[in-house]
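Here's the structure, in structure tokens; my notes come after.
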Amino acid sequence: MDEIERTLEEFEHEIENADNLEAIKVIRVKYLGKKGKVTALMRHLKDLPKEEKPIFGQKVNKLKNSIEEILEKKHEEIIFKEKESKFEKERLDVTLPGARKTLGHRHLISRVLQEIEDVFLTLGYEIVEGPEIETEYYNFDALNTPEWHPARDLHDTFYISTKDGTLLRSHTSPVQVRTMKKSKPPIKIIAPGKVYRKDYDVTHLPMFHQVEGLVVGKGISVAHLKGTLDYFVRSIFGPGRKTRLVPSFFPFTEPSFEVYVSCGICGGKGCKSCGFTGWLEIMGAGMVDPNVFEEVGYDPEEWTGFAFGMGVERIAMLKYNVDDIRLFPRNDVRFLEQF
Ligand code: DAH
């Protein structure tokens, strides 16, 4: 009988200190297992005198039941505590302000390029593309710019191989030649894309974007060119802006022009931004030179056309008053997110 009492006390002491499921398992085996203490007490029953058996039996049974009950309770308690601490660790404060996701947008140059394309798409132009790795033939020769031509030095060209005349195109004008050789007039295209020159300062990049335009038809004149550019300028810069053509020279056009837009800052009166002239240069243009037509097999007596070429970065700089072209490819978000 004493043994029963002691076993219970011992058990209660051990279970008190158990604080995980593994410890409980060990205790269960120690008392209720095949070689456990309670099991041993039960085996002891058969050695007792007959009259003691019922009482002893009852007590051992009671001991076994309460041990089982306590073990069960403790088991549940530990599972509950473990869950609690897990929940505590995973606790979320739903009242905290959320982490804001920053949403990106297209690069300013991509957007300005798209705007330019949209203007010409509205006018019924088709968009064509050409290779960035060109040949001297398409980049210069076919554009009436032979080897000895001084204008060839103006483009500081990246040559890939002087042997076979491969180079990174220095302008998108070669797409004119490729297009005309492939198709018959009339033609109305723009050719956007990357171009490359050995240049790097506040207004020049070694890689930048151009949009070339070409219209070939019957009776196309400078008036069509001027009207088109006027429409383009007003679409991109606003209805109040004026366009001016100034005589210039390009090997592939005759006559050639530099195209100017009235200064948006001073309204044409003259200020620091426009060098006190009231005008800003935005592109080159002209009437397609008969030599270029002959090169692609068009009869210059039958067909005339105009062409123009502009730098996308330059248009973006003028439209958004950016004073250093190098900011565009630097991709500092603090700069880019302003637009
Ligand atoms: N290709 C010239 C350049 O990169 C720009 C240009 C001028 C294109 C006059 C033209 C044009 O089509 O007619 O500087």
Next on the checklist: Six or more apart or on different chains, Cβ atoms under 7 Å: show the pairs whose first residue is in the range 305-316 and on the phi < 0 side of the Ramachandran plot and whose second is within 12 Å of the ligand (Cβ to nearest atom) and among the polar types (S, T, N, Q).
Outcome noted: Ala307/Gln176; Ala307/Thr253; Gly309/Thr172; Gly309/Ser173; Gly309/Gln210; Met310/Gln210; Gly311/Gln210; Val312/Gln210
Item to check | Lone qualifier among Glu90, Glu82, Glu51 - being within 60 Å of the chain's Cα centre (by Cα) and loosely packed, with under 10 Cβ neighbours inside 10 Å | outcome: Glu90
Checklist entry - Tally time: how many residues in the range 141-184 are over 17 Å from Asp199 (Cα atoms), part of a loop (DSSP other than H, G, I, E, B) and either open to solvent by 10 Å² or more (accessible area, probe 1.4 Å) or more than 11 Å from the ligand (Cβ to nearest atom) (or both)? => result 12
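Restricting to the range 208-241, name every residue that is β-branched (Val, Ile, Thr) and assigned to a helix (DSSP H, G or I). Even if it seems obvious, please write down each step before you answer.
So the first thing to find is which residues in the range 208-241 are β-branched (Val, Ile, Thr), and the list is 211, 215-216, 220, 222, 228, 233, 236.
Selection gives Val222, Thr228, Val233, Ile236.
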Next on the checklist: Looking at the range 292-313 only, could you name the residues that are part of a helix (DSSP H, G or I), in contact with a Phe, Trp or Tyr (Cβ under 8 Å, 6 or more places away or on another chain) and away from the ligand (no atom under 13 Å from the Cβ)?
Outcome noted: Phe293
Item to check | Pro192 vs. criteria part of a strand (DSSP E or B) and farther than 26 Å from Asp299 by Cα | outcome: yes
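Is there a residue in the range 91-98 that is touching a residue at least 24 places away in the same chain (Cβ under 8 Å) and of a type in the set (A, V, I, L, M, F, W, C)?
The initial filter retains those residues of the range 91-98 that are touching a residue at least 24 places away in the same chain (Cβ under 8 Å), namely none.
The answer is no; no qualifying residue exists.
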Next on the checklist: Give me the helices (runs of 4 or more DSSP H) completely within the range 1-63, filtered to those with at least 2 residues that are of a type in the set (Asp, Glu), ordered by residue number.
Outcome noted: 2-17
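The values are calculated or read from the model by the stated rules, or taken from the named source; none is laboratory data. Please read all numbers here as calculations on a predicted model, not as lab measurements. Cβ sites come from the backbone with ideal geometry, for glycine too, and all protein chains shown count toward neighbours. To get the accessible areas, we keep the full protein, side chains included, count just its heavy atoms, and leave off ligands, DNA and RNA. Shrake-Rupley method; radii C 1.70, N 1.55, O 1.52, S 1.80 Å.
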